[in-house]
Every structure is written in C-alpha cells, then in structure tokens.
Amino acid sequence: MTNHDLPKSIHDMPGLIPLQLMPENMESPINTLLSWITPNELFYTRNHLVYPTIQLESWALFLGGEVDNPINLTYDQLKQMPQVDRFVTIECSGNKRALMEPSTPGEQWQIGAVGNAKWTGVPLAYILDQTKVKETAKELIFTGVDSGIRPDMDTVVNFERSLPLDKTLMAECILALKMNDEPIPHKHGFPLRLIVPGWYGMAHVKWVSQITATATPFKGPFQAIDYLYITNDGDSLNAAPVTEMKVNSIITWPSQEEKLHLGSHTIRGLAWTGKGTISGVEVSIDSGMTWNAARLTSPEHEPYTWTFWEYSLNITAPGHYFLQVRAQDSNGNVQPKVAPWNAKGYGNNSIHQIPINVPQILH
C-alpha cells in the first residue's frame, strides 16, 4: 500500500469519524461499538506518521542487541511457529482527551478511540527463547517500519517503543499476524503487530521489523517526549510513563441529548480495565448523588477485554437529566469523578456523563 492508495476525502471513509487525514487518525462512532468484537474496518486508527510501504518479499523481523543468537525471521517462518489467540481491548491513551478540562493539545478524541479484537500470533516469549536474551538486557525496543519527521524534530525517525523485560509481561505479549481471523489489515500493522495486553495503544507497535534487547533505558521521542503524565509543574524528567489502561467505561445508548419518553429504558454501555477484570458498573441519574448497580452482560468475561453492561431505568418525571456511569475492577480501582489533569491529555478515565431530555407530554 502506498500513500496514493489513501483516501482523498473524509467521505471515502464511511463508519469512522476523521480527526486527521495525514497521518490518518480515525475514531469509531459509538453506534458501531455494539458487538463484543470490533470489525476490522470499524476499529479506530491512530498514527503519528504516514502509512509505510511494505514489500513482504523483502520484509523480515530482526532480533538483536543484547542476545546470544541474533536472528532474522521471514513472514512464512513466523507463520510456521506456534500460534496463540488473545482477545484484547486496545484503547488510545488520548481517548476522551476532548472531554478533559482545561483542554490539552493533541488529537481531540471523544470516546470512540477503543476497540476489542481477536489477535493471533507468536508468543513473544517463544521468540525470545530462540534468541537467548542476555542477563544484561533490561528492555526490548520495538521498531516499526513507519517513519517520518516529527514537528519538534528535524530528523527522520521511526516509531519505536520499549518494554521492560518483565517475565509476566513477556508471557502475555504476542507478535500478531492476524486480526479477527484475517491477516492484519495494512492500516492496523501488517505484516506484524506487537500486542501488549492491558496497555494503552501506543505500546502495540505496528509494522514491527526489529526487536532490540538493550541494557540501558530507551530514550526515543515516542518514549521520552510523548506518553508521559506531565502535570502542572511541567517536569517531564520525573513524569510517570503512560503504561497500563485505567479502569474506564462509556454509555453507548442513549446518545447525547437523546429525547426519552416516560417509562422504562435499557441503558447500555461498555467497561474495561488494564489489569484484572471489571467487577462492577454503577449508573446515576441524579448527578452522582446516588448510584445503582448495572448488570454485566458479556458472555465472555476475560481479562484484557471489555465488558458490556445494561441498566434498567424507569423515568417517572419529565425534565433534563445527567446520566452517569462508573466502573470498578477486580483490583479495587474505581473511576474518578474527574481524572487528574496532565499536559498532554492522557489516560482520561473520568466518569462518562451525557445529558438526556425527557419532554413533558402535552394533552
């Protein structure tokens, strides 16, 4: 795929909400987040750089650095290795940025930069065993083929991210070849995408072509400049890195400013978290003064995947209401009313609320 294959107009992309065309950044409309598996064509896209051109015949995955056995692996060789499935929800760390106050720079995502998919690929730990990583190695750097010039730099850079060489984390990660039982679409990382269950989307490096074991902390721009929780003091050197997803939830029905009639309604939505599972969801219709438990309805209640919920609401009086939702996970984390502000608008897991209107019936 080349840049000439990209859409020339936002009207060429039915189903996705465009935030930016070059590089492409698109979020999923809420009315498309209704199935447990998000269809590939409706999965949000997040890019810092333009889509790369991949020639599969010459592409290979190189593993080197602090290893005893550097190796090159072709696409066919990867397909012949043991494969596992992982159902994983991926949320952009900038999801809900448009709702953060005061406002912050960056793509103004609403609530649709999230999706759930079945990923199939080679366990990362299996490949690391082949390379015999040295004890001196502390991190793995994952390099994507996508490259370009950042607005704050005058040199060409690749999208690169590192992960700590943690045994538990390494055991969960896979190098995915398929998305929802199909070869990963180009815009989602073909031929190879790193999947890091429980982490925000920036960790799931697309178009991976190189893995480098390193003994020193990685300081690339997408690690040391971006994806840091920089607070009011502006201290980026001591800012915490963006890693695991925070517990979060959204209302998928009704939509904002929906007019509802008096009587019974089934409120629906999604909830997810980075580590553990969703243990409960609560709904309020009185601005958070009282909360009532919703029913978790997902048939598949697995770690690293989102959960569907429903709440039976009986409206007895006309008026304007604020419908709110909050989730709790199995580690005791509860969504805050307002998430801590940070300079780049990452990790906004504030309680989701929408106004609804119940008009008075005139006789």
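The values are calculated or read from the model by the stated rules, or taken from the named source; none is laboratory data. The structure presented is a predicted model; accordingly, all values stated were derived computationally and were not measured. Glycine also receives a Cβ, built like all others from the backbone with ideal geometry; neighbour counts cover every protein chain displayed.
Within region 23-32, the set of residues being in contact with a Ser or Thr (Cβ under 6 Å, 6 or more places away or on another chain) and either farther than 13 Å from V50 by Cα or surrounded by 21 or more Cβ atoms within 10 Å (Cβ to Cβ) (or both) comprises M26, I30.
Which one of A176, A125 is surrounded by 23 or more Cβ atoms within 10 Å (Cβ to Cβ), over 30 Å from T231 (Cβ atoms) and touching a residue at least 40 places away in the same chain (Cβ under 8 Å)? It would help to see each step written out before you state the result.
On the way: A125 fails: surrounded by 23 or more Cβ atoms within 10 Å (Cβ to Cβ).
From the options A176, A125, the qualifying one is A176.
Scanning region 347-361 for residues that are part of a loop (DSSP other than H, G, I, E, B) and modelled with pLDDT of 95 or more yields G347, N348, N349, S350, I351. A single member of Y51, Y44, Y75 is at pLDDT 95 or above, under 15 Å from the mean Cα position of the chain (by Cα) and either within 30 Å of T155 (Cβ to Cβ) or not acidic (D, E) (or both), and it is Y44.
Considering region 12-22, the residues that are modelled with pLDDT of 90 or more and surrounded by fewer than 16 Cβ atoms within 10 Å (Cβ to Cβ) include one that is nearest to C92 (Cα to Cα), namely Q20.
Determine if region 278-287 includes at least one residue that is assigned to a loop (DSSP other than H, G, I, E, B) and either surrounded by fewer than 16 Cβ atoms within 10 Å (Cβ to Cβ) or in contact with a Pro (Cβ under 8 Å, 6 or more places away or on another chain) (or both). Looking through region 278-287, at least one residue is assigned to a loop (DSSP other than H, G, I, E, B) and either surrounded by fewer than 16 Cβ atoms within 10 Å (Cβ to Cβ) or in contact with a Pro (Cβ under 8 Å, 6 or more places away or on another chain) (or both). Every listed requirement among (1) basic (K, R); (2) in a strand (DSSP E or B); (3) more than 21 Å from the chain's Cα centre (by Cα) is met by K219 save one, (2). Would you confirm, using the coordinates I've provided, whether T252 is touching a residue at least 60 places away in the same chain (Cβ under 8 Å), β-branched (V, I, T) and in a loop (DSSP other than H, G, I, E, B)? In short, no.
When region 320-358 is limited to residues that are more than 14 Å from E101 (Cα to Cα) and among the aliphatic types (A, V, I, L, M), the one that is surrounded by the most Cβ atoms within 10 Å (Cβ to Cβ) turns out to be A327. Cβ separations smaller than 9 Å between residues 6+ apart or across chains give the following pairs from region 329-349 residues that are more than 20 Å from I90 (Cβ to Cβ) to residues that are among the aromatic types (F, W, Y): P340/Y229; N342/Y229; A343/Y229.
Quick one: in region 57-105, of everything that is aliphatic (A, V, I, L, M) and over 24 Å from K132 (Cβ atoms), which residue is surrounded by the most Cβ atoms within 10 Å (Cβ to Cβ)? So the residue we want is I90.
The requirement of being of a type in the set (V, I, T) and within 29 Å of P303 (Cα to Cα) is fulfilled somewhere in region 103-115, by at least one residue. When restricted to residues that are of a type in the set (K, R) and over 21 Å from G189 (Cβ atoms), region 157-173 contains 1.
Looking only at residues in region 205-216 that are part of a loop (DSSP other than H, G, I, E, B) and not basic (K, R), the one that is nearest to R161 (Cα to Cα) is V205. All but one of (1) in contact with a helix residue (DSSP H, G or I) (Cβ under 8 Å, 6 or more places away or on another chain); (2) free of Cβ contacts under 8 Å to residues at least 40 places away in the same chain hold for F159, so report the exception by its number. Of everything listed in (1) in contact with a helix residue (DSSP H, G or I) (Cβ under 8 Å, 6 or more places away or on another chain); (2) free of Cβ contacts under 8 Å to residues at least 40 places away in the same chain, F159 misses just condition (2). Taken over region 315-346, the residue count meeting the criterion of being in a strand (DSSP E or B), farther than 30 Å from P105 by Cβ and modelled with pLDDT of 95 or more is 1.
So if I check each of S162, S147, which one is farther than 28 Å from V84 by Cα, assigned to a strand (DSSP E or B) and of a type outside the set (A, V, I, L, M, F, W, C)?
S147
Go through region 104-122 and give me each residue that's touching a residue at least 60 places away in the same chain (Cβ under 8 Å) and either more than 16 Å from the chain's Cα centre (by Cα) or over 17 Å from G201 (Cβ atoms) (or both).
Across region 104-122, the qualifying residues are T104, P105, T120, G121.
Against the list (1) within 23 Å of T53 (Cα to Cα); (2) surrounded by 12 or more Cβ atoms within 10 Å (Cβ to Cβ), the condition A137 fails is (1).
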